[in-house]
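Here's the structure, in structure tokens; my notes come after.
The values are calculated or read from the model by the stated rules, or taken from the named source; none is laboratory data. None of the values given here were measured: they were computed from a predicted structure. In this analysis, Cβ positions are derived from the backbone assuming ideal geometry, glycine residues included, and neighbour counts consider all displayed protein chains.
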Amino acid sequence: MKADKEAQRAGRGIRQSMSGLHTWAGLLLGWVLYAMFLTGTVSYFKDELSQWTRPELARLSQVPDQAAVAQRIADELGNVAAGSSQWSIRLPDGRNNSVYAFWRTRGQGQRAFGEANFDPTTGQKISSRETLGGEFFFRFHFQLHYLPVVWGRWIAGIAAMFMLVAIISGVITHKRIFVDFFTFRWGKGQRSWLEAHNALSVFGLPFHFMITYTGLVTLMALYMPWGENAAFKTPAERQQMTSELSVFIQPGKPSGQSAPLASVEDMVRQAQERWGKGNVGRVTFVHPGDAAARVAVARGEAGRVSMSPQYMEFEGTTGKLLNVRDSVGAAAETRGVLYALHLGRFSDTQTRWLYFLVSFMGTAMVGTGLVMWTVKRRSRLRDPERPHFGFRLVERLNIASIVGLSIAMTAFLWANRLLPHPMEARADWEIHAFFAVWALTLLHALLRPAKAAWIEQFWTAAALLFLLPVLNALTTQRPLWHSLAQGDWVFAGIDVTCWALALLHVVLAVRTARNRSIVQSKRMPQVPVAIASSGAAE
Amino acid sequence: MNALIRQVWATGPLISRIMAAVFGGYALAALASVAVLALPMSKPQAVLTGMLASFAIYAAAVIWVFAARSAWKSWAGLIVAAAVLTPLAWSVG
Amino acid sequence: MIHLLALGLCLAGFAALAFATHRQQRDIFGKALPRVTTYGLRAAGAGVLLLALGILVAAKSWSVGLVIFSGHTTMAAAIVFCALIGWGRLAARTARRRQNDARVRSVTRR
């Protein structure tokens, strides 16, 4: 009997401590996590967004032949980046209409590199408005902005650890939620925030856990370098591990003799035979133009859930196949799979939409959690009309971090359409616009009463999202009706999704406004009965 | 003044637990990622295994710290785990 | 095409599993269904979900198939869940309206 009571008390004790841990782990970095989640969600379509932000580039109705493109770009890099010790070309697949390439330059130390986008059909550098496009949201997602890259990644990693702890403590607190999943009395009463948070957490739990853990794995060498430092004393030993993680060619010394590259097209064709017509990913050149040149042609991302390196290594000047790498050790393959699960680059369009939708649910989970904290705390306030500073701070930060972010991200796309081109540092100014608008939403949230701020910002976001396709039609040659007529699903898809998101914000605005009136109408039901009875009595 | 001192004293265990979770947990995970090198597998695979598992260990340590009955127990658990891992990590070093 | 099929199967599977719980049976049918039916629904639900997994793994590979399966099960569970809430709200509203009508009728009859 006593043991039972002890066990019960212990159970309740754990439930309580885990509940507290869950609340604080979620709340302390909740705003950072929300931003990471939303920008991460959008990043699943970053290539499409990058196309949308460069409307001058015609859409490619067919994926061009990768072998021919590789040759063209390599030839152009021979002009643009001659003398560079390393080139890297990302060949186009169905989702990009330009080729991204970067190369080492003789700059400060080893970190200097140049980059550009090239037209796959002509091989020339593209001329379109200067913008980071979808890459901005992607990079912000894991390294923020305005910070040294390493700091941003550390903040993202710390936030991810908080998220991991929040997930695990959340599961321990609500163990029964899985058992009772379909039998809970959902949907009754005004506790919709609590129920929404619980529901979103449960549905997407496998995804949320996976995405958080795999996110940590993508940057694990930064967060946990101790094993690497202890095990490898020489650069050669370190390279042993690097070759398990990515395409690796022995750098070696250039011979000093210049010699032209053999046919890159042939090399890529061999890769196509091995992995499929459109399934070549990246082509890397070491010491191109030198007699000691090497070329590595890596497999594309389709058809396998792993980022572990698979590539063919060729002798640069003769095109002879030197080596095929198609497997790595067990731990390296595990890391490859986890990395691939996070990025989802293997996906077809529908799978990519699944990633987007479930990730969106995760974003909503974090948002509803943040709001739920203020709702619960408000009921415990001694004087609800005059809450203490901490509460007010959280309340206002919620508004700016949640709806404010929607407004800021849309403003980024507005800036992309409105800023003149050419313009000095145009890509940077699009980003400044994003942060300036975000700061304005915080100012607005601080100056207005909380409920009004929520509603006004929801409507603002809805308006900006709704008008974005209109702005697009007015400022470019690619309005929605053209895109639909031509079957340009990238442009049409983004325009229509903007409208869907605008509708979502309208619904949120209306529901938030209606919440206020529920409190007032509590007295109403008694009146009609009283009138009816007094009328009948006469 | 007394009330303030009492309040600060009362939060002692909580602060201790937070230290244990944030720093102790990380130290334990780092220690484990080095200790794993003592396993009979090739160095690169061992290093990667240690990195992959480290976050699970960190999370488990944090959960332990807040689930334990007292702050003393939290630290004790971490120290016991560290004591087991340290000789392994040392043998690699 | 395969995505539509997989999603449809997952929807059917989760709907069957939902109907196999007493709470939902009472809310929707007004009474608990016989035990045999409940077990049957549970088996059918699980079977249909496994069928969806099998089809996806056969069409794509094991790894890609598993990932797509987890996506479709999440969406299907969410859709069935929201449908149940919607049903519950609708039922509550009609019940309330019927109650109000009855009350007004009984008052005015006097």
Which condition does A:A68 not pass, out of (1) closer than 21 Å to A:A293 by Cβ; (2) not basic (K, R); (3) not in a helix (DSSP H, G or I), if it passes all the others? (3)
Do the conditions hold for A:F285, that is, is it assigned by TED's automatic domain parsing to the domain that holds A:M163 and touching a Ser or Thr at 6+ places or on another chain (Cβ under 9 Å)? no
Taking A:L484 as the residue in question, decide whether it is modelled with pLDDT of 95 or more and surrounded by fewer than 18 Cβ atoms within 10 Å (Cβ to Cβ). no
Select the strands (runs of 3 or more DSSP E) contained entirely in the range A:276-349, then report the ones holding at least 2 residues which are crowded, with 21+ Cβ neighbours inside 10 Å and touching a residue at least 40 places away in the same chain (Cβ under 8 Å). A:280-286, A:294-299, A:311-315
Is it the case that some residue within the range A:220-239 is surrounded by 17 or more Cβ atoms within 10 Å (Cβ to Cβ) and among the polar types (S, T, N, Q)? no
Starting from residues that are at pLDDT below 85 and within 29 Å of the chain's Cα centre (by Cα), keep the ones in the range A:78-96 and report whichever is nearest to A:A293 (Cα to Cα). A:D93
Unique residue being assigned to a helix (DSSP H, G or I) and at pLDDT 95 or above when the list is A:A500, A:A513: A:A500
Could you tell me how many of the residues in the range B:48-58 are in contact (Cβ under 8 Å) with a residue 12 or more places away in the chain and touching a Phe, Trp or Tyr at 6+ places or on another chain (Cβ under 9 Å)? 5
Within the range C:40-60, the count of residues that are among the small types (G, A, S), surrounded by 15 or more Cβ atoms within 10 Å (Cβ to Cβ) and either more than 12 Å from the chain's Cα centre (by Cα) or within 15 Å of C:L5 (Cβ to Cβ) (or both) comes to 3
Against the condition part of a loop (DSSP other than H, G, I, E, B), in contact with a helix residue (DSSP H, G or I) (Cβ under 7 Å, 6 or more places away or on another chain) and without any contact (Cβ under 8 Å) to a residue 40 or more places away in the chain, how does A:P92 come out, does it pass? yes
Please go through the range B:42-68 and give me each residue that is outside any helix (DSSP H, G or I) and either crowded, with 24+ Cβ neighbours inside 10 Å or within 8 Å of chain A (Cβ to nearest Cβ) (or both), ordered by number. B:S42
Quick count over the range A:247-268, residues being under 34 Å from the mean Cα position of the chain (by Cα), surrounded by fewer than 20 Cβ atoms within 10 Å (Cβ to Cβ) and either assigned to a helix (DSSP H, G or I) or not hydrophobic (A, V, I, L, M, F, W, C) (or both), is 3
Need pairs with beta-carbon distance below 7 Å; first residue of a type outside the set (G, A, S) and within the range B:80-91, second at pLDDT 90 or above; sequence gap 6+ or separate chains. B:L85/B:L31; B:L85/B:A32; B:L85/B:A35; B:T86/B:L31; B:L88/B:A35; B:L88/B:A38
Based on what the data block shows, is B:S74 in contact (Cβ under 8 Å) with a residue 24 or more places away in the chain, surrounded by fewer than 18 Cβ atoms within 10 Å (Cβ to Cβ) and more than 10 Å from chain A (Cβ to nearest Cβ)? no
Only one of A:G78, A:G26, A:G20 is surrounded by fewer than 18 Cβ atoms within 10 Å (Cβ to Cβ) and more than 30 Å from A:A116 (Cβ to Cβ), namely A:G20
Filter result for C:R35 (charged (D, E, K, R) and free of Cβ contacts under 8 Å to residues at least 12 places away in the same chain): yes
Just checking, which of C:A78, C:A95 is within 14 Å of chain A (Cβ to nearest Cβ), within 18 Å of the chain's Cα centre (by Cα) and on the phi < 0 side of the Ramachandran plot? C:A78
Inside the range A:100-151, can you point out the residues that are more than 22 Å from A:L219 (Cβ to Cβ) and outside any loop (DSSP other than H, G, I, E, B)? A:A101, A:W103, A:R104, A:G107, A:G109, A:G114, A:A116, A:N117, A:F118, A:K125
May I ask you to say which residue of A:F391, A:F356 is closer than 25 Å to A:G30 by Cβ, surrounded by fewer than 21 Cβ atoms within 10 Å (Cβ to Cβ) and within 14 Å of chain C (Cβ to nearest Cβ)? A:F356
Check on A:E265, out of contact with any helix residue (DSSP H, G or I) (no Cβ under 8 Å at 6 or more places or on another chain) and at pLDDT 90 or above: no
Considering (1) more than 8 Å from chain A (Cβ to nearest Cβ); (2) under 30 Å from A:V337 (Cβ atoms); (3) over 15 Å from the mean Cα position of the chain (by Cα), say which one C:K31 fails and leave the rest. (2)
Elements of type helices (runs of 4 or more DSSP H) contained in the range A:196-246, each with 2 or more residues being over 20 Å from the mean Cα position of the chain (by Cα) and either within 7 Å of another protein chain (Cβ to nearest Cβ) or not aromatic (F, W, Y) (or both): A:226-231, A:235-245
Boolean, B:F66 is closer than 30 Å to B:V92 by Cβ and touching a residue at least 24 places away in the same chain (Cβ under 8 Å): no
Just for the range B:9-41: of the residues that are of a type in the set (S, T, N, Q) and either crowded, with 17+ Cβ neighbours inside 10 Å or under 15 Å from the mean Cα position of the chain (by Cα) (or both), which one is farthest from the other protein chains (Cβ to nearest Cβ)? B:S16
